[in-house]
Amino acid sequence: MANRSHRNTGHIGMNRLRKSGGVHSSARAAPAPSSEVTSHIVAVADCLETLRRIPSGSVQLVICDPPYNINLAAWDDHAHYVDWAGKWLSEVERVLMLLANLIIWTYPNGISAQRFFANRHEEIAWFARTPKYYFDLDAVREKLDAPRLEIYKRDKRLNPESLDKGINPTNVWRIPRLNGNSKERVGHPTQKPRELIERIIRSLSYPESTVLDFFAGSGVTTRVAIETRRHSICSDVDEALPTFLRRHLDQISGRGPLASDYVLIEHQDWSSHQLFRAVYEA
Ligand SMILES: C[S@@+](CC[C@H](N)C(=O)[O-])C[C@H]1O[C@@H](n2cnc3c(N)ncnc32)[C@H](O)[C@@H]1O
């Protein structure tokens, strides 16, 4: 599948813009964050019920980690998966349209195989609503150690100021999956690593914007939203979501955000909540 890095016209345009002293829309600063408390809706609800309550254009980022339909758990068996996925995808379409990047999440650990190559990756498709999508590369650059920095700086094609900030993590992300005995685990069978969700949230949403995850599973998105000062709306059909989330919050108590820095809004009518605000476009 074509990726944005294959489009040379884009690179040429960016270089021209930089030389003329211009700034690309995705590099402009997002609205300045305030010191307000962040709000986090946590609901036990079907994905379509959640989506239908969300006004168009009111969230900055949708994180979507749907059931795989490979019978991993009771929730992972859909007789008409494609029809069902079409329903929530058409709701999401209200806010998304453009493939910005296809990301490969690769990990060293996984199930072994004898009759095929053992799987060690999953794809993450990043869709944007508009070509003026928000992207904060600086928030997720990978720092270079001193010897590597020196080597990279010898390459005159590379921008030395950008190198000091760190390098682009590329669209291949090497982040281990959570082992069964990982301290991060809260009991959900397909819980994603915090590091993975954090990279998505930091790069694709700005502080105090609203992140939506209607297949919230363990509640890791809420946890990361709290840690990175975003608002969030997270729901899952599984009634265990609030319990899993409390375990996440126990892990962050005592370090990072204080309980007074955020509010959890559970089991109430949240459709007109203040957290619905216009999304930021550069
Ligand atoms: C792959 S898991 C998400 C895991 C989550 N990203 C995490 O890291 O913890 C998919 C989730 O979708 C939920 N689910 C399945 N059918 C659903 C539906 N119709 N509406 C809402 N949630 C549903 C399941 O309960 C499961 O928690």
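The values are calculated or read from the model by the stated rules, or taken from the named source; none is laboratory data. It should be emphasised that the depicted structure is a prediction, and the values quoted were computed from it without experimental measurement. Quick reminder, even Gly has a Cβ in these numbers, built from the backbone with ideal geometry, and neighbours come from all protein chains shown.
Below, the figures for the structure above:
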read-out	value
Condition met for residue 172 (β-branched (Val, Ile, Thr) and either over 30 Å from residue 49 (Cβ atoms) or modelled with pLDDT under 95 (or both))	yes
Complete set of residues in segment 46-64 that are in a loop (DSSP other than H, G, I, E, B) and either more than 16 Å from the ligand (Cβ to nearest atom) or not β-branched (Val, Ile, Thr) (or both)	46, 53, 55, 56, 57, 58, 59, 60, 64
Test: residue in segment 231-246 that is closer than 24 Å to residue 143 by Cα and buried (at least 24 other Cβ atoms within 10 Å of the Cβ)	no
Subset of segment 51-74 (residues that are surrounded by 15 or more Cβ atoms within 10 Å (Cβ to Cβ) and among the hydrophobic types (A, V, I, L, M, F, W, C))	51, 54, 59, 61, 62, 63, 64
Failed condition for residue 225, given (1) modelled with pLDDT of 95 or more; (2) more than 26 Å from residue 138 (Cβ to Cβ); (3) aliphatic (A, V, I, L, M)	(2)
Selection within segment 188-236 - of a type outside the set (Ser, Thr, Tyr), within 12 Å of the ligand (Cβ to nearest atom), over 13 Å from the mean Cα position of the chain (by Cα) and not in a loop (DSSP other than H, G, I, E, B)	236
Whichever residue in segment 238-251 is of a type in the set (A, V, I, L, M) and either in contact with a helix residue (DSSP H, G or I) (Cβ under 7 Å, 6 or more places away or on another chain) or in a helix (DSSP H, G or I) (or both) and, among such residues, is nearest to the ligand (Cβ to nearest atom)	241
Selected residue [free of Cβ contacts under 8 Å to residues at least 60 places away in the same chain, away from the ligand (no atom under 16 Å from the Cβ) and among the hydroxyl-bearing types (Ser, Thr, Tyr)] from 162, 182	162
Among (1) closer than 30 Å to residue 168 by Cβ; (2) of a type in the set (Gly, Ala, Ser); (3) within 15 Å of the ligand (Cβ to nearest atom), the one test that residue 100 misses	(3)
Condition check for residue 255: within 13 Å of the ligand (Cβ to nearest atom) and more than 28 Å from residue 127 (Cβ to Cβ)	no
